[in-house]
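Asker: Dumping the structure here so I can ask a few things about it.
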Amino acid sequence: MDHNNGHPRALTSRPYVPRKPADLRNEKTKQKQEIQSSGDDITFSKNDTVIAVMGVTGAGKSTFISLLTDAQIEIGHGLRSCTSKVGVYYFYYQGRRIFLVDTPGFDDHARSDSEILKDVAFWMAAAYSKDTKLAGILYLHRISDVKMQDSALRNLRMFKQLCGEKNLKSVLLVTTHWTHKDGGGVPEDLGKQRTDELVQTHEFWGGMIQRGSRVVRHDNTKDSAVAIISILIEDQARVVLDIQDQLINQKRSLYDTDAAKALQSELIAERKKFQEDLSRLKEDMEEARRENDVKWQQEIRKDRMDFEKKISETYAETEALKTDLKRIAAEKEAQYQHAMAEMARERERHHLNVEQMNQNLKDLQTKQAEQAEKHRQQQEQAEKKAETERRKYQEELRVIKARKDTEQNEAVRKQIEEQRIEIERRHQEQLKETRAIQAAEERRWQAQLEQEREQRERWEQERERDAERLAFFERESRKSKGFFLDIIKSVCEVAGVVLQVFGLVSSSRN
């Protein structure tokens, strides 16, 4: 929704984007399949539309992107986790390729803000050095948040410095999390109230809207996501962020960029707060000593160590900002080579696993054949034994019958009949015992077959997983090599440094 006269306008008031013709949809599917199966280098072209997606962690960036990209085709996913936290996804829309650049928020507890800024700055500078300009920026914000959190406000301030005031007209402020997975959500009146607060507060979105930023609502549907990106596509803007202009055109060091200066201000404020907390702890320690409170003193020492660590981290973050594109490119190139080596080791591990599973399956097949032959022989012997016993029994019956037929003495005939009955009883017991043994053996054999079948399935599944991972690493190795080398070499050219990567000297690519 746009924000006009302080009132939100629903996205549904925008003309609905017509469904693509069947031939175009088929072409899209064909292109996706080709991209997924090929190892060709994927780089930006001037005909591509590039949109940055920003916001705090948990604002819904990944969900928004997944609604548009379907198969979630990501460039360099295997290496991205080691060389950059910036993710690049793309999809086809109205016959053109749309890239979505997923940038990390400045609130990642696992990484420092300075490292995140270096990643974002490096990627943006590299894209700009390839004459790739943004069509606009989406800044996502959770409408479910009761108030603007300190981390969200800090993230927003950093975002403004990255963009620059002149580019705020190409920013869409996207409210997310209107609905929950459990079916609940933010009531319309409450959502409007929170949106109004964001819009009417200059420190939040008010100042940005005065410079042309627009507010839109994302309803967590594909239609909603398409309508949002279509706004930027229709604008046909070519945005050069302040961080790009300052690093590439003005050739500033990262430390001297507006974004880094804003981060330094945040770090100074944090450091001052921690130092004030330390001063209060000193007073508390004196009081704890006067009261001879040992437990309190231990807690104060622990808190003091925590604050001293945080103060040291702010200094370390400040030092990390004292770099330039040349050094960042060198770092990324080293990280890239390390990541490629790690990928090669992973690829080799999965290759060995596939070979081991193949050997296991081959050995199992041989073992099963031997056991099947042994089982067949045992059955054959059991059948021969049963046949021998049957003939013996029939012969005994024949002899008994002959004796009885020729015997005249009634008492003897009675004894012979008793013998026949005893032979019959023993035979039935023996037959019952034999059948029980055969049934037990058959159950054991079937259980063994089932166990081996399950083992075979486990090995086949493991082999399939390793084969899939192996194929994935092969594709990623080729795709990532093309994409990341292109990025690294572009920055190297701008920075005036030549790097050797897999024997390739940095040079321009057509």
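Asker: Hey, does segment 291-303 have a residue that's closer than 30 Å to Ala260 by Cα, assigned to a helix (DSSP H, G or I) and not small (Gly, Ala, Ser)?
Answerer: yes
Asker: State the number of residues belonging to segment 109-166 that are free of Cβ contacts under 8 Å to residues at least 40 places away in the same chain and aromatic (Phe, Trp, Tyr).
Answerer: 0
Asker: Restricting to segment 140-152, count the residues that are in a helix (DSSP H, G or I) and over 27 Å from the mean Cα position of the chain (by Cα).
Answerer: Going through segment 140-152 one residue at a time, the tally reaches 1.
Asker: Among the residues of segment 166-186, is any over 33 Å from the mean Cα position of the chain (by Cα), within 22 Å of Asn220 (Cα to Cα) and either charged (D, E, K, R) or not assigned by TED's automatic domain parsing to the domain that holds Tyr128 (or both)?
Answerer: No.
Asker: Looking only at segment 288-323, count every residue that is touching a helix residue (DSSP H, G or I) at 6+ places or on another chain (Cβ under 6 Å) and under 29 Å from Leu254 (Cα atoms) and tell me the total.
Answerer: Looking only at that region, the number is 10.
Asker: Of everything in segment 228-248 that's modelled with pLDDT of 90 or more and of a type in the set (S, T, N, Q), which residue is surrounded by the fewest Cβ atoms within 10 Å (Cβ to Cβ)?
Answerer: Here the answer is Ser230.
The rows are residues; the columns are (1) surrounded by 12 or more Cβ atoms within 10 Å (Cβ to Cβ); (2) at pLDDT 90 or above; (3) within 30 Å of Tyr336 (Cα to Cα).
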{"site": "Glu410", "(1), (2), (3)": "no, no, no"}
{"site": "Glu450", "(1), (2), (3)": "no, yes, no"}
{"site": "Glu464", "(1), (2), (3)": "yes, yes, yes"}
{"site": "Ala471", "(1), (2), (3)": "yes, no, yes"}
{"site": "Gly482", "(1), (2), (3)": "yes, no, yes"}
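Asker: Could I ask something else about it? Just one of (1) touching a Lys or Arg at 6+ places or on another chain (Cβ under 6 Å); (2) closer than 29 Å to Glu442 by Cα trips up Gln379, so point out which.
Answerer: Of the numbered conditions (1) touching a Lys or Arg at 6+ places or on another chain (Cβ under 6 Å); (2) closer than 29 Å to Glu442 by Cα, the odd one out for Gln379 is (1).
Asker: Testing Lys222 on (1) under 27 Å from the mean Cα position of the chain (by Cα); (2) more than 27 Å from Ile98 (Cα to Cα); (3) basic (Lys, Arg), one condition comes back false. Which one is that?
Answerer: It fails just one condition, (2).
Asker: Go through (1) touching a Phe, Trp or Tyr at 6+ places or on another chain (Cβ under 8 Å); (2) at pLDDT below 90; (3) surrounded by fewer than 19 Cβ atoms within 10 Å (Cβ to Cβ) for Asp277 and report which single condition fails.
Answerer: Looking at each condition in turn, Asp277 falls short on (2).
Asker: Another question about this same structure. For segment 228-249, state whether one or more residues are part of a helix (DSSP H, G or I), closer than 30 Å to Val199 by Cβ, without any contact (Cβ under 8 Å) to a residue 60 or more places away in the chain and not hydroxyl-bearing (Ser, Thr, Tyr).
Answerer: yes
Asker: Here are Asp196, Asp189: which of them is among the acidic types (Asp, Glu), in a helix (DSSP H, G or I) and loosely packed, with under 14 Cβ neighbours inside 10 Å?
Answerer: Numbers: Asp196 fails: loosely packed, with under 14 Cβ neighbours inside 10 Å.
When all the criteria are applied, what remains is Asp189.
Asker: Take segment 315-343 and flag every residue that is within 25 Å of Arg465 (Cα to Cα) and either in the same structural domain as Glu115 (by TED's automatic domain parsing) or crowded, with 18+ Cβ neighbours inside 10 Å (or both).
Answerer: Within segment 315-343, Ala339, Met340, Met343 meet the criteria.
The values are calculated or read from the model by the stated rules, or taken from the named source; none is laboratory data. All figures in this text were calculated on a predicted structure; none of them were measured in a lab. Glycine gets a Cβ as well: all are built from the backbone with ideal geometry, and neighbour counts include every protein chain shown.
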